[in-house]
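**Student:** Right, I'll just put the structure down here and ask away after.
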């Protein structure tokens with residue numbers, strides 16, 4: 001992976017990590033399914049009026065929109081309403097890395113290399129440190145919902161791997177359209193039209209800013225760039241970068257929401273970073289060593 005692609009990946013995980021605080025702010029003013037509906041509505045409109053539909057079959061556009069919108073974010077928003085803190089949510093959702101690599105092995109025949117396994121082992125050690133310090137801020141319901149959201153994110157990654165190199169901004173705009181109807185139906189059914197109307201009418205400027213950031217910063221930029229990278233690199237190279245999300249997520253939550261950041265969290269973050277260094281730097285180091293010895 002080139003350094004320019006590495007910087008793109010890092011910018012995405014920074015946006016995604018800090019976004020968990022933004023989600024928490026948004027949920028203070030909107031019910032979860034309505035929040036998700038508005039997020040994807042603004043990801044689709046008005047942009048699809050100006051951006052051409054990519055050369056992707058309709059069923060794949062629909063599948064990705066459903067998996068990302070309903071499968072991942074509806075469940076994540078529901079969990080973050082009261083059952084998991086932003087910092088912990090940013091950690092647990094990263095199980096998608098292992099789901100994605102496993103699905104790639106099963107469906108695409110990709111091969112995981114030894115240095116990637118070593119890097120993943122270090123990162124898993126960091127996640128394990130955090131897991132041993134869970135407290136009342138994480139319920140069983142919250143854990144189950146976020147794990148399910150992680151699985152659906154991995155399934156969405158598999159759809160991306162099958163579409164090849166297409167206009168990923170257009171892909172995100174047009175797939176977002178398919179997320180809106182089922183999310184709206186879920187909000188109408190489970191939250192009720194009265195709560196939906198009240199949420200929209202009484203949402204503050206800050207809450208609407210959270211919705212727009214979800215749509216433009218997190219969805220169009222974040223997933224557009226992420227999917228563009230997935231189409232050009234093996235899943236085992238790209239998806240481990242998302243392990244940085246909890247580092248940014250817990251840091252942003254500590255600074256913005258006062259979530260504690262004790263020494264064990266810093267140690268866990270260091271392990272995750274070391275794992276990423278192994279995955280990203282080792283191929284370049286090995287190539288340099290081979291050239292030197294030659």
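What follows is calculated from the coordinates using simple rules that are stated; it is not laboratory data. If you're wondering where the values come from, they're calculated on a predicted model, not measured in any experiment. Because the Cβ atoms are built from the backbone with ideal geometry, glycine has one as well, and the counts that use them run over all protein chains shown.
**Student:** Angle between the Cα long axis of helix 193-202 and the longest principal axis of the chain, 0 to 90 degrees, nearest 10?
**Tutor:** Around 80 degrees separate the two axes.
**Student:** Order of 183, 61, 266, 8 from fewest to most other C-beta atoms within 10 Å?
**Tutor:** 266, 8, 61, 183
**Student:** Moving to a separate point now. Using only the Cα atoms of the stretch 131-175, build the gyration tensor, take square roots of its eigenvalues as a ≥ b ≥ c, and label the shape rounded, prolate or oblate: rounded if a/c is under 1.5, else prolate if a/b is larger than b/c, else oblate.
**Tutor:** The shape class here is prolate.
**Student:** Which order do 33, 14 fall in if you start with the one that has the fewest other Cβ atoms within 10 Å?
**Tutor:** So the ranking, lowest neighbour count to highest, is 14, 33.
**Student:** Then there's this: Pull out the extension gain between residue 117 and residue 209, defined as 0.36 nm times the separation in residues minus the alpha carbon to alpha carbon distance; nm, one decimal.
**Tutor:** 29.1 nm
**Student:** Using a Gaussian network model of the chain with C-alpha springs under 10 Å, which one of 109, 17, 222 is most mobile by mean-square fluctuation?
**Tutor:** With Cα springs under 10 Å in the chain, the top fluctuation among 109, 17, 222 is at 109.
**Student:** Mind running the shape call on the stretch 1-150? Use the C-alpha gyration tensor, a ≥ b ≥ c as the square roots of the eigenvalues: rounded below 1.5 for a/c, prolate if a/b tops b/c, oblate otherwise.
**Tutor:** oblate
**Student:** Another question, if that's okay. Expressed in nm to one decimal, what extension gain is obtained for the pair residue 185 and residue 11 from 0.36 nm per residue of sequence separation less their Cα-Cα distance? Intermediate values should be presented prior to the final figure.
**Tutor:** Details: separation 174, 0.36 × 174 = 62.64 nm, distance 3.34 nm.
In short, 59.3 nm is gained.
**Student:** Expressed in nm to one decimal, what extension gain is obtained for the pair residue 261 and residue 281 from 0.36 nm per residue of sequence separation less their Cα-Cα distance?
**Tutor:** Value of the extension gain: 4.4 nm.
**Student:** Roughly what angle does helix 263-293 make with the longest principal axis of the chain, taking Cα atoms, 0 to 90 degrees, to the nearest 10?
**Tutor:** Between the helix axis and the principal axis of the chain, the angle is about 50 degrees.
**Student:** So if I take the centroid of the Cα atoms in the stretch 89-153 and the same for the stretch 1-68, what is the distance between those two points in Å?
**Tutor:** Their Cα centres are 20 Å away from one another.
**Student:** Using a Förster distance of 30 angstrom, determine the FRET efficiency expected from the C-beta separation of residue 3 and residue 55, and round it to 0.05. Intermediate values should be presented prior to the final figure.
**Tutor:** Details: r = 30 Å, r/R0 = 0.99.
So the FRET efficiency works out to roughly 0.50.
**Student:** Also: Would the chain count as rounded, prolate or oblate if I go by the C-alpha gyration tensor, calling it rounded below 1.5 in a/c and otherwise prolate when a/b exceeds b/c, oblate otherwise?
**Tutor:** Oblate, since a/c reaches 1.5 and b/c is not below a/b.
**Student:** Show that you can apply the helix-only estimate: for the chain, add -39,500 (n - 2.57) for every DSSP H stretch of four or more residues, divide by all residues, and state [θ] at 222 nm to the nearest 500.
**Tutor:** -23000 deg cm²/dmol
**Student:** Suppose R0 equals 30 Å; then what is the FRET efficiency for residue 216 and residue 148 from their Cβ-Cβ distance, rounded to the nearest 0.05?
**Tutor:** 0.70
**Student:** Evaluate the relative contact order of the stretch 3-293 (contact order divided by residue number), counting alpha-carbon pairs under 8 angstrom at least 6 apart; express in whole percent.
**Tutor:** Details: 418 pairs, mean separation 119.3, N = 291.
Taking the mean separation of contacting Cα pairs over the length of the stretch 3-293, I get 41 percent.
**Student:** How would you rank 292, 37, 139, going from fewest to most other Cβ atoms within 10 Å of each one's own Cβ?
**Tutor:** Listing 292, 37, 139 from fewest to most nearby Cβ atoms yields 292, 139, 37.
**Student:** Further question: Give me the angle, in degrees from 0 to 90, between the Cα long axis of helix 114-131 and the longest principal axis of the Cα atoms of the chain, rounded to the nearest 10.
**Tutor:** Taking the Cα atoms of the chain, the angle to 114-131 is about 50 degrees.
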